[in-house]
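Working notes for the structure below.
Rule-based calculations on the coordinates, nothing more; no lab input. This is a predicted model, so every value here is computed, not measured. Cβ sites come from the backbone with ideal geometry, for glycine too, and all protein chains shown count toward neighbours.
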Amino acid sequence: MLKPPKPYHLRAMRLSDITSVMAIEHLSFPTPWKASAYEYEITRNRLASYQVITVRAGDRREEVIGYSGYWLMSGEAHISTIAINPEWRGLGLGELLLLNTLMMACSDAAHLATLEVRKGNEVAQSLYKKYQFQIVGERPRYYQGTEDAILMTAEPLNDDYRVFLRYRRRELFQRLEENPKGRVRRSNRRFSIEDEKR
Ligand SMILES: CC(C)(COP(=O)(O)OP(=O)(O)OC[C@H]1O[C@@H](n2cnc3c(N)ncnc32)[C@H](O)[C@@H]1OP(=O)(O)O)[C@@H](O)C(=O)NCCC(=O)NCCS
């Protein structure tokens, strides 16, 4: 698991996170998963690995602001979900989750990463392309019989790809350390990055 600069923190998703996860889920997806799906994923699905990103707010309580998950199947890491609370988007945190997932997948000896994304979801596709995912196919009307899915893969997850991930990690951590956007975006709340650094 990556250790990002403060105030961000990554850890495995717990049952007690599901209420927060569901709030983000409903803000992020037209057809949200049910809470029971997350319960199943983190308690019973042995192929699954789910992470959350948290911040410590001014009162020192941890707040879940995003999550991601993947299934490891015969060397394939299938990214099943990724979402950031809308209030925290555009800060590099979705990228942090994806980077962490890909690094975990490499540690799990995956040789291929796969995912499905809505054809109209240009933001997510741009993030995936930044991590060398390529479009390899389409599933027409995959989402509730209406919107098409794009299939994307990143492969091979070899030594060169690990070097690429380390480069991206350096770049992203520097951005998270230097860019005080989090404080600016949350200026109406009590949270402050400077407070967290003391
Ligand atoms: C997709 C999602 C996780 C991205 O998270 P985020 O924290 O906003 O993204 P980041 O700030 O980490 O940006 C990473 C990359 O995403 C892309 N991106 C982010 N915001 C973008 C925007 N407004 N327009 C275009 N591309 C954008 C860029 O490639 C960006 O890289 P860059 O900073 O070098 O330009 C977030 O938008 C989200 O939760 N969306 C709803 C759920 C969803 O669609 N999940 C994907 C399902 S397949």
request  = Would you confirm whether any residue within region 141-161 is within 14 Å of the ligand (Cβ to nearest atom) and closer than 21 Å to Pro5 by Cβ?
outcome  = no
inquiry  = Every residue in region 10-19 that is touching a residue at least 40 places away in the same chain (Cβ under 8 Å) and buried (at least 16 other Cβ atoms within 10 Å of the Cβ), please.
reply    = Leu10, Met13, Asp17
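Being assigned to a strand (DSSP E or B) and acidic (Asp, Glu) is the filter here, so list the residues in region 144-181 that pass it. Step through it out loud before you land on a result.
Taking region 144-181 as the starting set, the residues that turn out to be assigned to a strand (DSSP E or B) are 147-154.
Residues satisfying the conditions are Glu147, Asp148.
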task = Being aromatic (Phe, Trp, Tyr), part of a helix (DSSP H, G or I) and over 17 Å from Leu176 (Cα atoms) narrows it down to one of Tyr67, Tyr40, so name that one.
result = Tyr40
query = Only one of (1) buried (at least 17 other Cβ atoms within 10 Å of the Cβ); (2) within 30 Å of Glu177 (Cα to Cα); (3) away from the ligand (no atom under 11 Å from the Cβ); (4) not small (Gly, Ala, Ser) fails for Met22. Which number is that?
reply = (1)
remark   = Taking region 73-127 and keeping residues over 20 Å from Arg139 (Cα atoms), more than 8 Å from the ligand (Cβ to nearest atom) and either assigned to a strand (DSSP E or B) or in contact with a Cys (Cβ under 7 Å, 6 or more places away or on another chain) (or both) leaves Met73
request  = Scan region 33-57 for residues that are of a type in the set (Gly, Ala, Ser) and surrounded by 12 or more Cβ atoms within 10 Å (Cβ to Cβ) and jot them down.
outcome  = Ala35, Ala37, Ala48, Ser49, Ala57
query = Do you know which of the residues in region 156-173 that are surrounded by 11 or more Cβ atoms within 10 Å (Cβ to Cβ) and among the aromatic types (Phe, Trp, Tyr) is nearest to Ala113 (Cα to Cα)?
reply = Tyr161
